[in-house]
């Protein structure tokens, strides 16, 4: 199944894909900004460059634009800076540092600014390549870690689990931001800004040709 069809059919499969006023506002603020010249608010410049490469690894350009072409990297930066609580921000920074440390170690490079897409791909793939059983175990370890931090206790998280946490969160935010973007909302999903007749029970295939609703 190609990405366009997958996005059309995704609907509410992901629990966090509902567009709220806050998310719409964030995406609106990202819409007019240039994709090339970008100063992140949450990430450093070097981290922002790495995030831009990572979102395009997750959703590269095919018959639809890449993630960065619809400013998903800007959305993630703004979401982290303006919506996340401090504990969530700290967790993102910690897990991202563990992820980048692995990229630098494997690539033999010393600075994030020198990291390429080719350096990032294998680390991202390895972090996400976990069985369902291991994913459940990782989530339990992450939950235990976050509870300890919230209680003011000292806590440590295994490096492998930290890299998984960063990669999994980034993948979810990338898909979320992509679905919330103006292009996907209007060109890929079923878009009807001025609703007409309300039909409570009807087949999606009949109403929208199988597309999930954008709004």
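Read the figures in this text as sums done on the coordinates, not as results from a lab. The structure presented is a predicted model; accordingly, all values stated were derived computationally and were not measured. Cβ sites come from the backbone with ideal geometry, for glycine too, and all protein chains shown count toward neighbours.
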Spin-label model distance (nm) - residue 105 vs residue 147, 7 Å beyond Cα toward Cβ: 2.8
Proxy exposure order for 162, 131 (fewest C-beta within 10 Å first) is 131, 162
So, with points 7 Å from each Cα along the Cβ direction, the residue 86-residue 113 label distance in nm works out to 3.0
